[in-house]
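The values are calculated or read from the model by the stated rules, or taken from the named source; none is laboratory data. What you see is a predicted model, and the numbers here were worked out from it, not measured in a lab. Cβ: placed from backbone, ideal geometry, glycine included. Neighbour counts: every protein chain shown.
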Amino acid sequence: MSALNTIAVASLLLGLQVAVAVAADPPKFDLAPTCDAVARFSIVAGRDKESCLEDEHAAAGTLAQNWSKYNAADKSQCIGNVTTGGPASYVELLSCLEIMRDAKVIREGDPLTAPGEPTSRPIPRRRR
């Protein structure tokens with residue numbers, strides 16, 4: 001594959017990912033491979049395919065309800081993360097978006113990380 005073709009394919013894939021992230025609704029995932037794997041490799045009693053599907057549907061509902069509230073860049077990054085390397089999961093997507101949201105709140109609201117502020121107070125030396 002020539003360098004130009006590689007660039008074209010990469011641009012197409014990135015463009016599709018961004019298009020999905022800015023869509024009005026969360027992406028549609030095939031949950032069968034995800035929950036089949038959970039059931040097959042589960043070490044927790046009661047963690048079967050049905051309970052996995054219940055968790056996935058609950059996460060999908062939460063995502064659908066709050067999709068417009070998530071940052072577009074976070075959606076793009078999280079969709080890329082959960083669709084790479086294995087079956088996609090709404091639970092993973094929701095977790096990723098919540099982590100990204102919470103990290104931003106911490107980053108913007110933590111006075112210990114404000115520019116010009118010390119990150120911790122000096123420890124007093126003990127007198128002898």
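A few comments on the model shown:
- All helices (runs of 4 or more DSSP H) inside segment 1-71 with 2 or more residues being at pLDDT below 90 and surrounded by fewer than 12 Cβ atoms within 10 Å (Cβ to Cβ): 3-21, 31-41
- Test: Thr84 is loosely packed, with under 10 Cβ neighbours inside 10 Å, modelled with pLDDT of 90 or more and within 14 Å of the chain's Cα centre (by Cα): yes
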